[in-house]
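Here is the structure we will look at, set down as structure tokens.
Derivation of every value follows stated rules applied to the coordinates shown; laboratory data play no part. Computed from a prediction, not measured in an experiment: that's the story for all the values here. For neighbour counting, all protein chains shown are included, and Cβ atoms are generated from backbone atoms with ideal geometry for every residue, glycine included.
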Amino acid sequence: MQKSVRAQVIDWRAAHVAVAAAAARAEALGVKVNIAVVDSGGNLAGFLRMPGAFLPSIDIAIDKAWTAAGFGFPTIDAPAILAGLPENVRAGLAGRPRVTFFGGGVPIRDGDALIGGIGVSGGSDEQDHDCALAGIAALEAAA
């Protein structure tokens, strides 16, 4: 019996790059946001709160990153992805602690490996998603 497996997680340097790029995009959009990056196990790897961002959005950003890392799809796509499931399953998933299905969470991949997620909260769903995508784009550009 094998006792362990290797797990790939986002490096702190990559988390920093993603957070900085998401913050720069938020600044360009004129919104104040909280930005979280988690590793593939859902552990916080990077965080930034722009001065003036909503305090409740701190936990929401972390939850968006956690949800994206856990499910492997952008949180803004959740309604379409989950639409075919029975209502009780959708309601059960949405009622779980930390699970959030509104825009701003995007999984982070290294090739085929899911290595974490980024979550942004403080703007509209579309603004948060846009900022998270800016973080992903910065990682791809740095690769």
Quick one: dipole size for the range 12-142, taken about the Cα centre, charges +1 on Lys/Arg Cβ and -1 on Asp/Glu Cβ, in debye to the nearest 20. 280 debye
3J(HN,Hα) from dihedral phi, the range 18-28, Karplus parametrisation 6.51/-1.76/1.60, rounded to Hz, x for glycine, proline: 5, 5, 4, 5, 5, 5, 4, 5, 4, 4, 5
Of 104-110, 21-27, 36-42, ordering from highest average Cβ density within 10 Å down gives 104-110, 36-42, 21-27
Distant-in-sequence amide H partners of F73 (H built 1.01 Å from N, under 5 Å): none
Output ³J(HN,Hα) for the range 68-80: one whole-Hz value per residue in order, computed from phi by the Karplus curve 6.51 cos²θ - 1.76 cosθ + 1.60 with θ = phi - 60°, and x for Gly and Pro. 4, 5, x, 9, x, 9, x, 5, 5, 8, 4, x, 5
Based on C-alpha coordinates, I'd like the Rg and Dmax of the chain, in Å. 14.8, 54
Roughly what would the spin-label model give for A24 and R96, points 7 Å off Cα along C-beta, in nm? 3.5 nm
In order through the range 57-65: 3J(HN,Hα) via Karplus (6.51 cos²θ - 1.76 cosθ + 1.60), integer Hz, x for Gly, Pro: 6, 4, 5, 5, 4, 4, 5, 5, 5
Out of A78, A137, T100 - ranked by how far each Cα lies towards the positive end of the dipole of the range 11-143, with unit charges on the beta-carbon of charged residues - the top one is T100
Out of residues 5 or more away from D110 or on other chains, whose amide H comes under 5 Å of its own, with H placed 1.01 Å from N in the peptide plane? I115
Which whole-number percentage describes the relative contact order of the chain, with Cα contacts under 8 Å and a sequence gap of 6 or more? 31 percent
